[in-house]
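The values are calculated or read from the model by the stated rules, or taken from the named source; none is laboratory data. Not measured: the values here are computed from a predicted model. Here Cβ is always computed from backbone atoms with ideal geometry, including for glycine, and neighbour counts include all displayed protein chains. Accessible surface is based on the protein model in full, side chains and every heavy atom, while ligands, DNA and RNA are left aside. Shrake-Rupley method; radii C 1.70, N 1.55, O 1.52, S 1.80 Å.
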Amino acid sequence: MSTPTEHTDILIIGAGPAGAVAAGLLRKQGRQVLIVEREQFPRFSIGESLLPQSMEYIEAAGMLRDVVEAGFQYKNGAAFACNGQYTDFDFRDKFSEGWGSTYQVQRAAFDKVLADAAEKAGAEVRYRHEVVEADVTGERPRVTVRDAEGLTHTIEAGFLLDASGFGRILPRLLKLETPSKFPVRGAIFTHIEDHIPLGTFDRHKIRVTVHPKFPDVWYWTIPFSNGRCSLGVVAHNEFLSQYTGTETERLRAIVAEDPDLSALLANAVWDTPARQIVGYAANVKSLWGNRYALLGNAGEFLDPVFSSGVTIAFKSASLASDCLRREAAGDTVDWQRDYAEPLKAGVDTFRAYVEAWYAGDFQKIIFHKDSSPEVHRMISSILAGYAWDTKNPFVAEPKRRLAVLTELCG
C-alpha cells in the first residue's frame, strides 16, 4: 500500500544552525515548519568559533537566552601568530555597529541548543529522517524521506529550504553542484584537553597560527569553557599526504613543527582520535529554484580560516525567511535579487580576504607594526562577521583596499 502524502507549509532539510534559526524566524511569522534531520542530535560537527554578527540572527530567532545560558566559552576576538609575531583583534573595538562578542562552542551541544529552541518555538523536528529523492518541477516541491526503520514516505511543502550543510542534499539530488574555484585543501582536527597554563593564552579569542615555513599552512586553536579546545591544521593535500600514521599521529607531527604552538600544548592530553576532511570548498549553479532555496553550506562553503561558515548560514536563513514573509504578505519576490545577490555580496567579501590570506597579502597587513588604528577597526569588523556592512570601505571595495594596504606594507 502506498503511504499518503504528508503536507506542510515550510519543509527544512537539516536541523543544524541554518535550519534551526530559519525555523525560529519562520515560527515568529506563524508559519508551519517541519524539519527533517538525517542524524540524531547531539552529533559531532566542526566549526566551533562563532562570529559576533551571528548573535544578531540568534537574537532575532528568539534563541538568545538559550545560547547565553548554555555556558559556552565567551569570545571577544581573534589572535594571529607567526614565527614569534603576534597580533590580535578585539571585536568590541570595530568599525561596524552591532555585537562585539560571541561564543566558542562545541557544536554538538550548540546545534542541539538551537534545534531544541526551534522545537520550543513550535517547529517539528524529526531526527533520523533522510531525504532520498526530491522533485521540484511542480507547483509544490515533493521529497521522499526514509525514516530510522527504513520506511519511506512523501512530504509536499509550500516551500523547501535545504539547510543540510556538507550533506548538500538538494545540490546532489538536483545536480546543482559545480567545482569550487579554491584549490583543494584538507584539514586534520581533533578535540583535546589542552592544559594550557594560565596567563599564556587568551581563551577569549580563537588563535590562528601560521606554519613557520609555509605561509599557506595554518593551525586553529579554539578554547572551550571546560578546559578543552578544538585543534586543527589546514593545508594543501600534497602537504598533508607527506605525513604517515593515524590522523592523530599526523596532526601531532605537524603541530610539533611550530615551536610556539607545541610549547603552548606541551601538557595537552590527546584523548580524542583526530579526523580528516578533504576538498570541503563547494559551490552550486544557483542558490534557489522553483519553490526552494539553499542555505549556508548547502549552497557554498569557502574556507574555515575566518570562521565565516555559521555566520553565512545565519545570514542565509535571515534573508530566506524575510523573502518568505514578503511572499506571504502578497509582495512579489525576486529570489535572485532579494536572496542570492545580497547573500553573495557578503560571501564575496569573505572570499576576497580568504584569497588574500593564502596569497600572503593579508598576513603582511595584520602583522604590520605600524597599522592605522582606524584601518585596524575596519578589518576587525570584517573578522567579526560584518561582511555586509558596505559603509566599511574594506567591505565596499575589498580587493582594491587590500591591494593598496599590501603595497603600503611592503
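Applying the criteria of a DSSP loop state and at most 10 other Cβ atoms within 10 Å to the GluC sites (Glu not before Pro) of the range 39-136 yields 69, 97.
Over all pairs of different C-alpha atoms, the range 42-126 has a mean inverse distance whose reciprocal, the Kirkwood radius, equals 14.3 Å.
Considering only alpha-carbon pairs that sit under 8 angstrom and 6 or more positions apart, the relative contact order computed for the range 122-251 is 17 percent.
Residues whose amide H comes within less than 5 Å of that of residue 235, counting only those at least five positions distant or on another chain, are 186 (H built at 1.01 Å from N in the peptide plane). Round to a whole number: what % of the accessible area of the range 188-346 belongs to carbon and sulfur, probe 1.4 Å? For the range 188-346, the apolar C and S fraction of the accessible surface comes to 51 percent.
Annotation: amide H of residue 134 within the under-5 Å range of 144, sequence separation 5 or more or interchain, hydrogens built in the peptide plane. Considering helices alone, the calculated mean residue ellipticity of the chain at 222 nm is -9500 deg cm²/dmol, with DSSP H runs of length four and up weighted by -39500 (n - 2.57) and normalised per residue. Distance from the C-alpha centroid of the range 331-410 to that of the range 175-251: 23 Å, rounded to the whole angstrom.
Remark: the range 168-176, residue by residue, has Karplus-estimated 3J(HN,Hα) of 6, 4, 5, x, 6, 5, 9, 6, 9 Hz, where x stands for each Gly or Pro and the curve is 6.51 cos²θ - 1.76 cosθ + 1.60 at θ = phi - 60°. Straight Cα distances below 20 angstrom link residue 344 to the lysines 181, 285, 315, 391, 399, with same-chain residues fewer than 8 positions distant left out.
The simple Förster model, with R0 at 35 Å and r as the Cβ-Cβ distance, assigns residue 3 and residue 43 a FRET efficiency of 0.80. For the range 1-156, lysine pairs with C-alpha atoms less than 28 angstrom apart, excluding pairs fewer than eight positions apart on the same chain, total 6. Each label point was placed 7 Å from the Cα along the Cα-to-Cβ direction; for residue 241 and residue 337 their separation is 4.8 nm. Between the alpha-carbon centres of the range 1-32 and the range 271-308 there is a gap of 21 Å.
Mean sequence separation of contacting Cα pairs (under 8 Å, at least six apart), scaled by the length of the chain, corresponds to a relative contact order of 21 percent. The relative contact order of the range 189-313 comes to 26 percent, based on Cα pairs under 8 Å that sit 6 or more residues apart.
Amide hydrogen proximity for residue 224: with H placed 1.01 Å from N in the peptide plane, the residues at 5 or more positions away or on another chain lying under 5 Å are 229, 230. At full extension, residue 267 and residue 136 could sit 41.8 nm farther apart than now, given 0.36 nm per residue minus the alpha carbon distance. Rounded to the nearest whole Hz, the Karplus-based 3J(HN,Hα) values (6.51 cos²θ - 1.76 cosθ + 1.60, θ = phi - 60°) of the range 275-286 follow the sequence 10, 9, 10, 10, x, 7, 5, 8, 8, 9, 5, 8, with x at glycine and proline.
Label separation (residue 260 vs residue 184): 3.3 nm, computed from points 7 Å beyond Cα along the C-beta direction. Averaged over its residues, the chain has an accessible area of 42 Å² per residue, based on protein heavy atoms and a 1.4 Å probe.
If both residues of a DSSP beta bridge must be in the chain, then about 70% of such bridges are antiparallel.
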